Amino acid sequence: QVQLVESGGGLVQAGGSLRLSCAASGRTLSTYGMGWFRQAPGKEREFVAGIRRIIGSTYNGDSVKGRFTVSRDSAKNTVYLQMNSLKPDDTAVYYCAAADRGVEPTRVYEYLYWGQGTQVTVSS
């Protein structure tokens, strides 16, 4: 089992940057596919970015391509989401999650473990 704890959320102005962290305990993160999702009020949870298990290559959702970057620090057992050029539409609760199967999981049901979420608010 994996426990995930997100941090780094906050209030930022449009055009600014934030880096979210997802620290894991219980298992080595590199054996899982890791994903970042977000959920705004009244909307479904949306895939943001992911990092493939073992090989560690990354892939992004269409709404954040070119602005968000996911990375992994195996020594710290932590995954990061660097968010640049933030927009008010990026305002949401951001979650990290771990999947133990699949090549490129992007759906909520593909992920087994979830963090509690961290709020990101982008002001205009």
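The values are calculated or read from the model by the stated rules, or taken from the named source; none is laboratory data. Keep in mind that what you see is a predicted model, and the values were worked out from it rather than measured. Because the Cβ atoms are built from the backbone with ideal geometry, glycine has one as well, and the counts that use them run over all protein chains shown. We work out accessible area using only protein heavy atoms, side chains counted, and drop any ligands, DNA or RNA first. Shrake-Rupley method; radii C 1.70, N 1.55, O 1.52, S 1.80 Å.
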Under the 0.36 nm per residue contour assumption, what length would be gained going from the current alpha-carbon distance of Asp73 and Thr31 to full extension? 13.8 nm
Bridge type composition, the chain - antiparallel percent by DSSP, nearest 5: 90
Sum of side-chain charges, Ala40 neighbourhood, beta-carbon under 10 Å (Lys, Arg +1; Asp, Glu -1): -1
Normalized C-alpha radius of gyration of the stretch 73-124, against 2.2 N^0.38 Å? 1.35
Roughly speaking, what is the stretch gain from Ser123 to Leu11, that is 0.36 nm per residue apart minus the C-alpha to C-alpha distance, in nm to one decimal? 39.6 nm
Subtracting the Cα-Cα distance from 0.36 nm times the residue separation, let me have the gained length for Ser63 to Lys87 in nm, one decimal. 7.5 nm
Rounded to the nearest 0.05, what FRET efficiency do Gln39 and Asp100 give with R0 = 35 Å and r taken as the Cβ-Cβ distance? Could you check? 0.95
The chain: C-alpha pair distances exceeding 22 Å, %: 26
Spelling it out for Phe68: with amide H atoms placed in the peptide plane at 1.01 Å from N, the residues 5 or more places away or on another chain with amide H under 5 Å from its amide H are Asn84
For the chain, what is the accessible area per residue in Å², given a 1.4 Å probe and the full set of protein chains? 51
